[in-house]
Amino acid sequence: MEGVPWSLAGKAVASYVLRRPWCASFELTHNCNARCHHCHRGEHVAESLATPQKLLEVCRELRPLVAIMSGGEPLLRPDLLEIVRTLKAGCAPLRAFLNTNGALLTHARFDELVGAGVDEVLVSLDYPDERHDGFREIPGLFGRIRALLAGLPARERRRVVLTTVLHAENFREALAVARLALDWGVNANFSAYTPLRTNDASLLIAGDDVPVFGEVVEELIAFKRGHGNVLTSDWVLRQMVRFFGNGGRLGRCRAGERMVVVNPDGTLSPCGLLVRDYRTHGELKREFTDHNECAACYTSTRGNSERPARYIFGDHIGYLRRRAED
């Protein structure tokens, strides 16, 4: 099938069978320059930072298909470019993503990141207008993101994904975010809010809002069919409705098996919401994954890594076809 790298498909099958993580999120720092209302990051954190070589050793143990450079705010790491180059050259993940709030992202830094090996830049966007600034507590942030994207060539804009965490205050804006992304020539992806970060259950979509959210999800799926720039799987979107309908709980999470977080110091956590300090992936699976009963999140990382196999392979084949056409 044209545009589908079958050697990588074989790697995906091997990871599925051997219980290796599809996705490893390298939380390069817990420090952040934003104070988002749905997140506990923002205060200064004293931390020990692993070297790029140490992160490479961890990546080689995990052998993820997708490596995400995240945080905190990863653009705060002065050695970010070296980390990306080292992981791409020595670990060879299928895709390398950067997850950023965009406040420190310039055209020059974008070009440097792409040159180092970043395949996609994930830029957080909570609202399709200046309300985003107040939610992140960064004045002028929405305008900065808009100007950045306007200055990129059309082909490079296709590397950008606007990522939105849906919660009680913004879920009605989901279709507007998808339309804005289309107008800007970029993609969109959606995730579900969890109170595990802040202990604030007020942002959970609940009560009479759940069926309304279900309608929003079906509108997003229809928009996706028509325009192709919404990357979130139909399965994941509909599971979000179940998650909120169940009071912010959904099944037994497979953190540590399908996804894993690499802490700033190079130790491992099952996810970014349950910070631990496991030394090896085997230890993490034995001590946490095999006994885990947590069901209190449905983040994009969890949803995408736990899709049934038919969705995982079907969604990725469609995605790779679109990339080949760009």
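The values are calculated or read from the model by the stated rules, or taken from the named source; none is laboratory data. Small disclaimer: the values here were computed from a predicted structure and weren't measured. Positions of Cβ are backbone-derived with ideal geometry, glycine not excepted, and every protein chain shown enters the neighbour counts. Side chains are part of the model used for accessible areas, which takes the heavy atoms of the whole protein and leaves out ligands, DNA and RNA. Shrake-Rupley method; radii C 1.70, N 1.55, O 1.52, S 1.80 Å.
Filtering the range 114-126 to residues that are open to solvent by less than 20 Å² (accessible area, probe 1.4 Å) and either more than 18 Å from L231 (Cβ to Cβ) or part of a helix (DSSP H, G or I) (or both) leaves A116, G117. All told, P211 falls short of being under 30 Å from E61 (Cα atoms) and at pLDDT 95 or above. Taken together, the criteria place A67 among residues that are under 16 Å from N99 (Cβ atoms), of a type in the set (A, V, I, L, M) and crowded, with 22+ Cβ neighbours inside 10 Å. Of the residues making up the range 160-176, those that are buried (at least 20 other Cβ atoms within 10 Å of the Cβ) and either under 16 Å from R225 (Cα atoms) or small (G, A, S) (or both) number 1. Scan the range 88-95 and give yes if some residue there is assigned to a strand (DSSP E or B), surrounded by fewer than 22 Cβ atoms within 10 Å (Cβ to Cβ) and either among the basic types (K, R) or free of Cβ contacts under 8 Å to residues at least 40 places away in the same chain (or both), otherwise no. Yes, the range 88-95 contains at least one residue that is assigned to a strand (DSSP E or B), surrounded by fewer than 22 Cβ atoms within 10 Å (Cβ to Cβ) and either among the basic types (K, R) or free of Cβ contacts under 8 Å to residues at least 40 places away in the same chain (or both).
Quick check: is even one residue across the range 196-213 surrounded by 16 or more Cβ atoms within 10 Å (Cβ to Cβ) and of a type in the set (S, T, Y)? No, that holds for no residue. Determine whether the range 78-87 contains at least one residue that is modelled with pLDDT of 95 or more, over 25 Å from R197 (Cβ atoms), open to solvent by less than 20 Å² (accessible area, probe 1.4 Å) and in contact with a Phe, Trp or Tyr (Cβ under 8 Å, 6 or more places away or on another chain). Scanning the range 78-87 turns up at least one residue that is modelled with pLDDT of 95 or more, over 25 Å from R197 (Cβ atoms), open to solvent by less than 20 Å² (accessible area, probe 1.4 Å) and in contact with a Phe, Trp or Tyr (Cβ under 8 Å, 6 or more places away or on another chain).
Looking across the range 96-109, just one residue is open to solvent by less than 50 Å² (accessible area, probe 1.4 Å) and out of contact with any strand residue (DSSP E or B) (no Cβ under 8 Å at 6 or more places or on another chain), and that is A103. Considering every residue within the range 184-206, establish whether at least one is among the charged types (D, E, K, R) and in contact with a helix residue (DSSP H, G or I) (Cβ under 9 Å, 6 or more places away or on another chain). No: zero hits. Return the total of residues in the range 55-64 being assigned to a helix (DSSP H, G or I) and open to solvent by 30 Å² or more (accessible area, probe 1.4 Å). Going through the range 55-64 one residue at a time, the tally reaches 3.
All of (1) part of a loop (DSSP other than H, G, I, E, B); (2) in contact with a Ser or Thr (Cβ under 8 Å, 6 or more places away or on another chain); (3) open to solvent by 30 Å² or more (accessible area, probe 1.4 Å) hold for H38 with one exception: (3).
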